[in-house]
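Here's the structure, in structure tokens; my notes come after.
The values are calculated or read from the model by the stated rules, or taken from the named source; none is laboratory data. Quick caveat: nothing in here was measured; it's all calculated off a predicted structure. All Cβ positions, even for glycine, are placed from backbone atoms using ideal geometry, and neighbour counts span all protein chains on display. SASA here: full protein model, heavy atoms, side chains in, ligands and nucleic acids out. Shrake-Rupley method; radii C 1.70, N 1.55, O 1.52, S 1.80 Å.
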Number of protein chains: 2
Amino acid sequence: MLLESLPTFMNKKKRQLEVCLTPAIYDKHANNENIVVVIDVLRATSSICTAFANGVRQIIPVATVEEARQKKEEGYTVASERDGYVLDFADFGNSPFNFSGDKVKDKDIVYSTTNGTRCIHMASHSKEVLIGSFLNLSALAGYLIEQDAPVLLFCASWKDRFSLEDTVCAGALAERLLASGKYESICDAVTASSDLWSIAKCDLNQYSLKAAQKGRLASKGLDDCIEFCHQLDFTDLIPYYSDGRLLSKANGTNKK
Amino acid sequence: MLLESLPTFMNKKKRQLEVCLTPAIYDKHANNENIVVVIDVLRATSSICTAFANGVRQIIPVATVEEARQKKEEGYTVASERDGYVLDFADFGNSPFNFSGDKVKDKDIVYSTTNGTRCIHMASHSKEVLIGSFLNLSALAGYLIEQDAPVLLFCASWKDRFSLEDTVCAGALAERLLASGKYESICDAVTASSDLWSIAKCDLNQYSLKAAQKGRLASKGLDDCIEFCHQLDFTDLIPYYSDGRLLSKANGTNKK
């Protein structure tokens, strides 16, 4: 049988899937063709997904306190913390519980987050930059399976160290993408994250208590959102980065 | 009961255990007090352990081809490869099978390895730098349990990317150290490596086939050593770094 006569789906080359475990090695995975999914489960990308689920119009991610302060002076609603404390000029902090409908619906919100913003900017050269978390897992997986590009799952981690919760979330996505038969991988971080997810998924809330970030948040009384951040499919919206701001789209094949 | 009256073993603070998954984030884990175990399962640290098991007197690790060539001119026996090919001036390549007794017994060997040498030099500020692999796992664990210092398990990885086989080996060591009750950890990479080891240990050889490095070695016909490198306790010797060379010591509590 000639190759040309094979049905398209058999003929099509599988897309590459990679996982980047820390921003410190992002350059080893970077590729302009990639769709990059930034994952910061505790708490940036979970908060962003929650905000869109609750009707925010757009989110402007900023890295520094000064940028956040300036945006506040321009009249924006600003979510901003440093070391777990809400900054004096900010409207509220960075927990997903702060992004409730009464605070964010139909608004433009400025969100100050060091790690998350840095990763979004690092990946902005890519074909597409999406925001991922457990909260929009199925929608995101469904969307990615429909695209035709290599995918990089980018764990924002904590100060460049390895983060368990981001890796497990990447593993949950990797499992779906590989199971679709449209992706393949020769990346050890895909194997590791998938295997960690295979352990964690039996009791995700229990497993999430192992994460070092749980202890860091608990020491500041900010760990009340951990269970919320580890629930699957709270929303079918997929936030994406475009021209300095985050907007969101739904994937037609998934519903809330 | 007063704290002072507790038996010493109950009173003693546990030592910290960390795992560094790639040299790119070594600075996040570095500490002059650390005992650092460099792990490069495929193949540098497995080859070094094999060489000492087979009677080598000392190994001089060098990073560059030029250093290796100069050492050859000085009369040393040199093991050196680049991209899987034995260099023309070298005596043999980097597989553990090359470090047989007839070639290395009572000799000083120069070993050229990019990743391994780099990691050894990066860690040389530490209290101690040891060479770890599956081949000396029990001896190493026994030795570390007897020491009184924080331990960092340092995965050499491949070109700064995450490596499955090094991480699983770190997990095997972490399991022993934590089980001793003398170590504790708040490092997510310790949790992840231990959990990966808990999956891998059921059939370590089968699991090792998942590693991307297996494919890289296979493409050059160099994968014949993978099963050998994944066997536990081939030797009770612990190579260590001192003044530009590797020597070895045995741990009294372990036997071959």
- Test: residue in the stretch A:119-134 that is assigned to a loop (DSSP other than H, G, I, E, B), buried (at least 23 other Cβ atoms within 10 Å of the Cβ) and either modelled with pLDDT of 95 or more or not basic (Lys, Arg) (or both): yes
- Go through the stretch B:153-182 and give me each residue that's in contact with a Leu (Cβ under 8 Å, 6 or more places away or on another chain), surrounded by fewer than 20 Cβ atoms within 10 Å (Cβ to Cβ) and away from chain A (no Cβ under 14 Å). B:Arg176
- Item | Flag for A:Ala63 being touching a His at 6+ places or on another chain (Cβ under 8 Å) and at pLDDT below 95 | yes
- Item | Hey, A:Glu66 over 20 Å from A:Glu165 (Cβ atoms) and part of a helix (DSSP H, G or I) or not | yes
- The condition of being of a type in the set (Ser, Thr, Tyr) and open to solvent by less than 10 Å² (accessible area, probe 1.4 Å) holds, among B:Thr113, B:Thr45, only for B:Thr45
- Task: Find all pairs meeting these conditions: Cβ atoms under 8 angstrom apart; at least six residues apart or on different chains; first residue within the stretch A:210-236 and more than 14 Å from every other protein chain (Cβ to nearest Cβ) and modelled with pLDDT under 90; second residue open to solvent by 60 Å² or more (accessible area, probe 1.4 Å) and not in a helix (DSSP H, G or I).
- Result: A:Lys220/A:Asp83; A:Lys220/A:Tyr85
- If B:Ile145 satisfies every condition in (1) touching a residue at least 60 places away in the same chain (Cβ under 8 Å); (2) more than 9 Å from chain A (Cβ to nearest Cβ) but one, which is the exception? (1)
- Item | Checklist (1) outside any helix (DSSP H, G or I); (2) at pLDDT 95 or above applied to A:Phe52, failing item | (1)
- Task: Could you look through the stretch A:183-195, keep only residues that are touching a strand residue (DSSP E or B) at 6+ places or on another chain (Cβ under 7 Å) and assigned to a loop (DSSP other than H, G, I, E, B), and pick out the one that is nearest to the other protein chains (Cβ to nearest Cβ)?
- Result: A:Cys187
- Message: Scan the stretch B:73-90 and tell me whether some residue there is in a helix (DSSP H, G or I) and not β-branched (Val, Ile, Thr).
- Response: yes
- Note on the structure: Residues of the stretch A:135-152 being more than 14 Å from the chain's Cα centre (by Cα) and open to solvent by less than 20 Å² (accessible area, probe 1.4 Å), in sequence order, are A:Gly142, A:Ala149
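Okay, residues lined up against (1) in a helix (DSSP H, G or I); (2) touching a strand residue (DSSP E or B) at 6+ places or on another chain (Cβ under 9 Å); (3) within 12 Å of chain B (Cβ to nearest Cβ):
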site	(1), (2), (3)
A:Trp197	yes, no, yes
A:Ala200	yes, no, yes
A:Asp203	yes, no, no
A:Tyr241	no, yes, no
- Is it the case that some residue within the stretch B:82-96 is on the phi > 0 side of the Ramachandran plot and in contact with a helix residue (DSSP H, G or I) (Cβ under 8 Å, 6 or more places away or on another chain)? yes
- Picking from B:Gln206, B:Gln213, the residue that is more than 22 Å from B:Pro23 (Cβ to Cβ) and open to solvent by 10 Å² or more (accessible area, probe 1.4 Å) would be B:Gln206
